[in-house]
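The values are calculated or read from the model by the stated rules, or taken from the named source; none is laboratory data. Keep in mind the model is a prediction, meaning the values are calculated, not measured. A quick note on method: Cβ atoms are made from the backbone with ideal geometry, for glycine too, and the neighbour counts reach across all protein chains shown. Ligands, DNA and RNA are excluded from the accessible area calculation, which covers all protein heavy atoms including side chains. Shrake-Rupley method; radii C 1.70, N 1.55, O 1.52, S 1.80 Å.
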Amino acid sequence: MTMQNCQVDGPSTLTNPIRPVFISYASQDLDAGRGIAEALRETGVEVWFDQNSLKGGTAWDAEIRNRIRDCALFVAVISANTEARLEGYFRLEWRLAEQRTHLMAKGMPFLLPVVIDATPRTGAHVPDSFHEVQWTRVKVADDFKTFADHVASLLHPDNPPSVLREADRSLRPQPDGMSTQTQQPPLIAVPPSAKLSADWTNRVRTRRPMFAAAAAIAAIIIASLGAVVYRNSEGHHWVREVAIPKILSLSANDRTVEALEWIDKSEKYAPADLDLARAVASATHVATVHSTPPGAVVEVKDYVSPKSPWLRLGTTPLDKVRIPKGYLRWRVTKAGFAESLTAPPPAETMSFDLVAAAKAPAGMVPVSGGPWTDYLAFIGWMGPYALPPFYIDRFEVTNRQYQEFLDKGGYSTRVYWKQSFTRNGRDMAWNEAMDLFRDSTGRPGPSTWEGGHYPEGKGDYPVAGISWFEAAAYAEFAGKALPVIAQGYKAMPPSFDRFAIEQSNLTDNPAPVGQFSGLGPFGTFDLVGNVREWYWNAGGSDLRYALGRQAGSYGPEALSPFDRSPLNGVRCVLNPDPIPSDAVAPRTMLTRDFSKVEPVDDKTFAIYRDMYAYDHGPLHATRERLADTAADWTKEKVTIDAAYAGERIPAYLFLPKHVRPPFQVVVFFPSARVNFSSSSADLGDMDFVDYVIESGRAVIYPIYKGLYERHFDNPMVPGPTLQRENLISWSKDVGREIDYLKTRTDIDPNNIAYLGVSQGAAYGVLLVALERRFKTAVLLDGGMFQFKPPVAGLDQVDFAQRLTQPVLMINGRYDATFPYETSQQPLFHLLGTAQADKRQVEFDTPHDVRLRRTDLVKEVLQWLDKYLGRVQ
């Protein structure tokens, strides 16, 4: 089968007075010409075949049509493969050939079926018009060069096309007993062996009137074989040089459905290539797909490409079929059942229960039961719990749905408000508590509403600005319940955050439900991002948990149940069976008594420092000036040698436009928001540092080990030993970037600062303590982890007292990730910085100080002015 969009340029076109011959073939028939490829390269037959005739940029559909319209001869290679696989453009080529059969009536040969195996002539997939002409059976033995030499000796370069027509009228063999219609141009029989005997050669030469015609006709037969050889040679080159790297790249970037098109084309040209087989194995696997009931249409697309077209796999049951590897979106449909749209984990057997989905209440999806356990940040191990099956809302509760609750007396019907209003250890009266749950105009309703109504045009947005009590009351009104933490993680396991985060709304501005493509394994949307959602579990005294994995927090956040932040929303579950009591029970966050900790002694810390040390070898730096799209800075991509494993570190260097060098420079480390981003083409967290560049300072944003395109193959959280190795890599990356900065004449080597956010602030304690070339550090949204690491060399306690540079800490007073009293304050007190050179600023925000951006900018720039000097 021709490969119409091939971009491979073949050898230069051969010359021959005979008009071009169009070769149409099935991909599995390439071996017919493989052995005689080199022997036929010097034959002078002009053949049009896709590999060396279709050039890059050619409109292949029109080109195919034009070439079949204009060719002198259409050679249809026929075999058992042809009968089984007459499809796609192979079918189009043959249909176009049928349309030209009227030329035969004029005595002009056009259609030449060539049989290359024992295929019976009555193949069901061969068009009727192909049966109306005589077929040629070609058998080529091993001595390809002898065969080519004999044919070449018969060729006469001066034979015009008329000789070919004359030969057709006089040479009418009847191979293999096949019948033929005499009014149609006969087809040509070739010798049964490529080892041409002298007797056959002499017989040809004694027929002088037929000499030229036989030579020309033989040339056409050889050309058809040569076309296969050329096609195979050029196709194999394309497979190795273009297709295999493309398949591997697509597979590595979770685009295996897209890789299938390349695989299908490649296997036509190099079906036995071992490198291709390995590339195919990286992108596909054999699986079985079943549905209840059977007979459902199954379609998939790459998870990372939600706007791509669906690829149809077939109709269930599908047993041991080849499907794309990796994380996919699945659409399963059957008449009479609702569409199933999910993103389940890949497995050897994929099962879809359309009956269970049809039983789900409106707007909900079923979640399978079973054991659940996990280690959650700031909580520790939870489970194992035996969770029964349950239903969960596909989307967050919308403003429109919540309006119904309010309009039907939700805030005045006490039966919905079943929980005690306990605040600071005191139980509040009903009326006293209800006075707290009012909108901006003093009427009952969420804090983000006005006049008892949601904002105009925001009916499909998630309700936001509600307390835990309001969320629980709405669930009672809807006949549902708030989920427990285990149900939330069952419906959206953290291992899939890597994919969902890229397709989710992680901004502080909620979007209409379902607008983003963060699809969960069971069919939910927005379980990552948009608004955070209240859960049932208490977090200890006067605290309840909220999840959402946005704003840099990847563990549950323990908040006051009275908190009515604009980020707070709700999603409900329906539990046909009771939830295990231990899954419903309160879970206190991990805490560590930092008043009793003791850092390691200097001798031990010297060992730690040696673990993080590296050799300051050559950088082999490269620089690339990127598109100039910002008003206040230019942007370069710099790549240097890492200090480990022969790797390279890319970094983005932002240089201010309106300040003369040398520039003060800030080394930036982003939050965990970027941990699952796949490409640095879209740098995250820039709004934590863009104002620094606008102030006239340079900023360098390294792509640290494990982030962006340097992400780990295993998306799961590494064990403590690997975590330490990764942190050592981060420290070396920081050091190498400073090595590079000191080589540039436009950078002030004596004024280098560090700015880290969340994880960049928490781990920044170690990075700044180890790197004495930082003159000062700014730590935003950071704090102390609430556990002692199980391996040496990771404990912030050991490094905090060795950090002696000036430090500015800015935190949210209501940060549930690094709580004020148990995390922020201990870090500030443990820092070895002189009291006069460290400052802690608290904003009335949760874990995201950008919510007070004006104050943030003011504090950071004043600090940099003080310790780096004012920018002139």
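Listing for the model above:
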| item | result |
| --- | --- |
| Spread of Cα-to-Cα distances over 5 Å intervals beginning at zero, given as percent, for region 251-335 | 3, 15, 23, 23, 18, 12, 5, 2, 0 |
| Two-decimal Rg/Rh across region 801-842, once Rg and the Kirkwood Rh are taken from alpha-carbon atoms | 0.98 |
| Inverse mean reciprocal Cα-Cα distance (Kirkwood Rh) of region 283-411, Å | 17.2 Å |
| Region 333-481 - percent relative contact order, Cα under 8 Å, separation 6 or more | 17 percent |
| Per residue, in Å², the accessible surface of region 455-523 once ligands and nucleic acids are set aside, probe 1.4 Å | 29 Å² |
| Greater than 23 Å apart at Cα, pairs in Lys265/Lys301; Lys637/Lys657; Lys637/Lys705; Lys490/Lys788 | Lys490/Lys788 |
| Cα-Cα P(r), region 577-680, percent of pairs per 10 Å interval | 9, 20, 26, 19, 16, 8, 1 |
| Whichever lysines have a C-alpha closer than 24 Å to that of Lys408, once near sequence neighbours (fewer than 8 apart) are set aside | Lys418, Lys458, Lys480 |
| Whether region 463-511 is rounded, prolate or oblate, judged on the alpha carbon gyration tensor where a/c under 1.5 counts as rounded | oblate |
| Approximate spin-label separation Ser440-Glu725, in nm, with each point projected 7 Å along Cα-to-Cβ | 5.2 nm |
| Value in Å of the Kirkwood radius, where region 440-558 supplies the Cα pairs that are averaged | 15.2 Å |
| Space enclosed by the convex hull of the alpha-carbon atoms of region 738-872, per residue, Å³ | 109 Å³ |
| Pairs of Cα atoms farther than 16 Å apart, region 269-311, % | 63 percent |
| Percent of alpha-carbon pairs separated by more than 15 Å within region 745-814 | 54 percent |
| Whole-Å semi-axes of region 796-872's equivalent ellipsoid (Cα gyration tensor) | 21, 20, 8 |
| Over region 725-781 - Rg/Rh using Cα atoms and the Kirkwood inverse-distance radius | 0.98 |
| Value in Å of the Kirkwood radius, where region 633-759 supplies the Cα pairs that are averaged | 15.1 Å |
| Alpha-carbon Rg/Rh ratio, for region 404-467, with Rh computed the Kirkwood way | 1.00 |
